[in-house]
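The values are calculated or read from the model by the stated rules, or taken from the named source; none is laboratory data. Please read all numbers here as calculations on a predicted model, not as lab measurements. Positions of Cβ are backbone-derived with ideal geometry, glycine not excepted, and every protein chain shown enters the neighbour counts. Only protein heavy atoms, including side chains, enter the accessible area calculation; ligands, DNA and RNA are left aside. Shrake-Rupley method; radii C 1.70, N 1.55, O 1.52, S 1.80 Å.
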Amino acid sequence: QDGHVSYNFHDGAVEMDASGGTRGIRGKIGVCPQHNNLLGDESCRETLQLLAGLRGDIRMEQGQSVAQAIDAEVDRLIEQIGFTSPEDADKPVKTYSGGMKRKVCIAIALLGNPEVVFLDEPTAGIDPYNRRTIWDMIIEAKAGRSIILCSHHLEEVDLLSDRVAILKKGQIIACGSTLFLKHHFGAGYSLRFDSQTDLDVSRVIREARQTRSDKPGTRTWDLAHGTEPSFPRLLRWLEQEDAANIEVELTTLEQVFLATGKEDANERDSDADDDGIDDNDGNDNESSISDGAFGQDDGDERHRFLAQVWGGASAAEKRRLSFWEKFFLVSKFMMQDSWRQPEAITINVAFPLAYMIGGMVAVYLTGEPDEVERVFPDPIPISPLLMGKQGEFFGLEDANVTIPGILPIGLPATLEDFHDGEALLGGYWSANETLQYNDGATGFSTHIGAYILTLANFGRLDRGDDPGIKVNVQHLPYDTDPTFRIDFIVLPIALVYGFTGMVFSMIDILTLKANNIVALFRVAGINEWTVNLGVMFYKCASTFLPFFVIAIILGFSLQLVLFGNGLRWLATIALLLLYAYSATPMGLIISKRFITKDFDSAKSWFPTVYFTVVSMPYVTWSMAYQLVDSAESALLVVGDFLCIIPPVAFQRGLGAVIDVSLRYDDRDLYITDVFKFETRVMLAMVLMLVVGTLEWIYLRRLTTTKPMVTKLEDGDEGNALPELTDDADVLTEREKSLESDDGINAREVVKVFNVEMGKGAKSAAAGGTGRAMKRAVKGVSFGIKKNEIFVLLGPNGAGKTTLMSILA
């Protein structure tokens, strides 16, 4: 949220503020997280070799290849781990004990000789023997490095630390060497002895204060600082009084920890630090290398000495991996790891391949749909005999003639008097001079009535022979209804299912997250953007390219319309490539932005949900487009709008190619017919290109930008500022962070979170919004030199892990 951190590496300083990430820093630091992030099925050797290759910065002797340098580095770390037998280094990590797993994690943090190492609870839950061996690893790794260690084991802190910062509620409330802290916060010394009589120690040392002992016969006294000159006389007196098991101990770090945990940072005794102890004199560890061992002008000599301490060879040089080398290493790891998992083969290969081949073959077997034909109906001669039976007709009373097939009937008084029956053909109603007809008698009742009246008008009804007038009826030419095209639906669905492997890159990412491999890559200096690109490349090589070739071969072999003439085959290939380009980041964004927990269950439900979501819109649209002719224009607009979703745009584009022609080889089809705007082929391509580009830009931002700054509500800005303190040793540490140009300098680091509040009083206290601002780190400042182990100590919730996550 606020503050500034600088890393002073040997090749220059790298700055990090609240708005920046860890770019330029990650490759030069090592991290051992609180939880074991290991590849369970890989051995220790394989894990170290993989991460050494990913990380780079491996020391290479003259004449060594990269593989030889990695093997030498891995062998050295395996020796430090100290396996019971050499064969254990080649056993799966999941078979190791908890202590061995922690040592592997520390070895990973030390890969590549990082200049800064973060160790978060390195011995949590470890047995005493393995804890001791881990301490040896840390002490050996201290030379030439700055080490930040977070621990709850006070014995470990006392043994390993050069300086300790005690955190409470996000603030450093005390900082210095363990000796300084013991003098600063401790009661002095603790005297313990066994005696049958209650000896009064205050007779020898007036300032002595007796404390209660839990063991009968054991007496305990507190002796203040400054009483050390009286200790010889006190011990002689106790010996004369027959006291046994006499012990004098300095205040323990546990007592310091408990004392600082009880008090508030603003309420400490202001004169407690007036003890003449300099907190810079606490570096008593014999394995550390003092700057005073070399003169000010002996920097090269010091550097060579440190190199020998670490690697044993002064002529070695470090080789850093380029982005592309890391990229291909991640892809290689994914290729090897994924093919070991049967479910990965099923989801990524078996099902999609079956969908694609099955759909293409099914369309081939149904054959080509019928062409739309223009029908020219034959003319129909009009005659009363068309009824097939005698029909009644009124209005011919005056003609007094007989017409074959017509029975003249009387004129009704009103039209309402007409009877409704199959025999009534119609008649002439002279009152309004209209032809009356009954469709119930025949579909040609109108035509027959017009024919009869025509004969009457020409006066031909009185002749018994052929009247000489003929009437024919002919339907206008018309097109047959278009065939409902199954291929218009099945082919796009089959191909979008077949190429889901690229979208299912997100399942691979979720698998990596569920197995903590993404975090392991992060420890090795591989950011999430590189991991995503590596997964994408692996998916492209393992699923897209083989499927792409199979689809093209099948399409031409089966002579499917998608691969027909008029460059329809080129449009199909372009759509396949653009689908891979636009759909892949969509899956990766979903895995990063919306699935933040329960990764294993997400791998189970996502394929079903995806298949349903990507198919239903197009299936519904394509069926409506073929069946509802009256809404064709509106449906085209709806289809255009759906194209902003890459899988739907892909299907819509394939459907547009199919809709251009019914034939694989259509001699009347030209390139312009395929790519004109009305077909919507180019629209689908352009939208996939634009949307895909925006997705890649957003994905890169999402995976490379560290979300360090929390958006504050109005009125919270003041609460996010560093809290000031007047504690002398804390102020001294702050000044050290401002002046030091060696190691790490952190100045006024602040981190706040917006957290959801519970219902009721808490929500009301947060202003009724249900959210409140939590300050996890409140203006922490410190400076850590090289060859120094700096320990963060404090109760749970003090902000230790948050501070380490900011720095690492």
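Quick rundown of the values:
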{"read-out": "Calculated from backbone phi, Karplus (6.51, -1.76, 1.60) coupling profile of the range 674-688 in Hz, x at Gly/Pro", "value": "7, 9, 6, 4, 4, 6, 6, 5, 5, 4, 4, 5, 5, 5, 5"}
{"read-out": "Net charge of Cβ neighbours under 12 Å - reference Arg131; Lys, Arg +1; Asp, Glu -1", "value": "-2"}
{"read-out": "Proximal charge balance of Gly794 [Cβ under 10 Å; K/R count +1, D/E count -1]", "value": "+3"}
{"read-out": "Built amide H within the under 5 Å cut-off of Gly743, gap 5+", "value": "Asn8, Lys786"}
{"read-out": "FRET E, pair Leu250, Phe677, Förster distance 56 Å, beta-carbon r, rounded to 0.05", "value": "0.05"}
{"read-out": "Segment Phe484-Asp198, length gained on full extension (0.36 nm per residue, minus Cα span)", "value": "92.2 nm"}
{"read-out": "Accessible area (Å², 1.4 Å probe, nearest 10) - Cys150", "value": "0 Å²"}
{"read-out": "Computed label-point distance, nm, for sites Ile552 and Val690 using a 7 Å Cα→Cβ extension", "value": "2.9 nm"}
{"read-out": "Modelled FRET efficiency - R0 51 Å, Arg132 with Phe594, Cβ distances, 0.05 increments", "value": "0.65"}
{"read-out": "Debye intensity ratio in log₁₀ form over the Cα atoms of the range 572-693, taken at each q of 0.11, 0.18 Å⁻¹", "value": "-0.44, -1.00"}
{"read-out": "Among 434-440, 564-570, the order from most to least packed when residues are scored by Cβ within 10 Å on average", "value": "564-570, 434-440"}
{"read-out": "Under Karplus coefficients 6.51, -1.76 and 1.60, residue-wise ³J(HN,Hα) of the range 600-614 in Hz, glycine/proline x", "value": "5, 5, 4, 5, 7, 8, 5, x, 5, 4, 5, 4, 5, 5, 7"}
{"read-out": "Whole-Å distance, taken between Cα centres, linking the range 625-700 and the range 154-171", "value": "64 Å"}
{"read-out": "FRET efficiency estimate (nearest 0.05) - Cβ-Cβ, Glu155 to Thr218, R0 22 angstrom", "value": "0.45"}
{"read-out": "Label-point gap, in nm, between Gln34 and Glu79 - each point 7 angstrom along Cα→Cβ", "value": "3.5 nm"}
{"read-out": "Protection-proxy order for peptides 74-84, 58-68, each taking the mean of Cβ atoms within 10 Å per residue, highest first", "value": "74-84, 58-68"}
{"read-out": "Intensity falloff of the range 31-184 expressed as log10 I(q)/I(0), Debye formula with alpha-carbon point scatterers, at q = 0.17, 0.19 Å⁻¹", "value": "-0.99, -1.18"}
{"read-out": "Spin-label proximity, Gln240 to the range 194-224 - amide N less than 19 Å from point 7 Å beyond Cα toward beta carbon", "value": "194-208"}
{"read-out": "Distance (nanometres) between label positions extended 7 Å along Cα→Cβ at Ala541 and Ala413", "value": "10.1 nm"}
{"read-out": "Of Lys326/Lys603; Lys101/Lys603; Lys91/Lys539; Lys326/Lys592, those spanning more than 24 Å from alpha-carbon to alpha-carbon", "value": "Lys326/Lys603; Lys101/Lys603; Lys91/Lys539"}
